[in-house]
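Each remark here refers to the structure printed beneath this line.
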Amino acid sequence: MKEDDYKNKLSPEAYKVCRLAATERPFTGVYNDHWEEGTYACACCDAPLFQSEHKFNAGCGWPSFYQSIKERVSYKEDNSLHMTRIEILCKACDSHLGHVFDDGPQPTGKRYCVNSLSLQFVKS
């Protein structure tokens, strides 16, 4: 897909998050307090990224998962905001999803902190 296609598909806010690596305000995303069973897919390309059974309430203001669907997320060092973090992206289209941290629950100890605007939900 070309950037113009993403601009046409996404809302202006979602475009900023997904294609320009912005972050939505905490506790404002539609999926922060969303607990239906299903799959969270990329808002840009529809690739499945996270399963609802791996979602947990981290209290951070963004949807959080302790693991992604295998081989669906890529990782990139992010040195913005005067800190080092690991950015997570959709492996299929390089859409910015959020960041992953080492303070999540077992069995992985990971917290995939994801912007709701980068996701769409597919009910089981």
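The values are calculated or read from the model by the stated rules, or taken from the named source; none is laboratory data. From a predicted model like this one, the values you see are computed outputs, not experimental measurements. No Cβ is skipped: glycine too gets one built from the backbone with ideal geometry, and neighbour counts run over all protein chains shown.
Before moving on, here are some points about what is shown:
- Tally of residues being part of a loop (DSSP other than H, G, I, E, B) and more than 17 Å from Cys113 (Cβ to Cβ) across segment 1-34: 4
- Among the conditions (1) part of a loop (DSSP other than H, G, I, E, B); (2) of a type in the set (S, T, N, Q); (3) in contact with a Leu (Cβ under 6 Å, 6 or more places away or on another chain), Ser74 misses just one, which is (1).
- Just one of the listed residues (Leu81, Leu117) is touching a helix residue (DSSP H, G or I) at 6+ places or on another chain (Cβ under 7 Å), in a helix (DSSP H, G or I) and either at pLDDT below 95 or of a type outside the set (Val, Ile, Thr) (or both), namely Leu117.
- Count of segment 88-120 residues, restricted to those that are buried (at least 17 other Cβ atoms within 10 Å of the Cβ) and not aliphatic (A, V, I, L, M), is 15.
- Scope segment 59-69; condition farther than 12 Å from Phe27 by Cβ, among the small types (Gly, Ala, Ser) and either modelled with pLDDT under 95 or assigned to a loop (DSSP other than H, G, I, E, B) (or both); matching residues: Ser68
- Apart from one condition, Thr39 fits all of (1) assigned to a loop (DSSP other than H, G, I, E, B); (2) in contact (Cβ under 8 Å) with a residue 60 or more places away in the chain; the exception is (1).
- Qualifying residue in segment 35-49 (condition: surrounded by 15 or more Cβ atoms within 10 Å (Cβ to Cβ), closer than 14 Å to Asn115 by Cβ and of a type in the set (Val, Ile, Thr)): no
- All conditions in (1) of a type outside the set (Phe, Trp, Tyr); (2) closer than 19 Å to Arg111 by Cα; (3) assigned to a loop (DSSP other than H, G, I, E, B) hold for Leu49, with the sole exception of (3).
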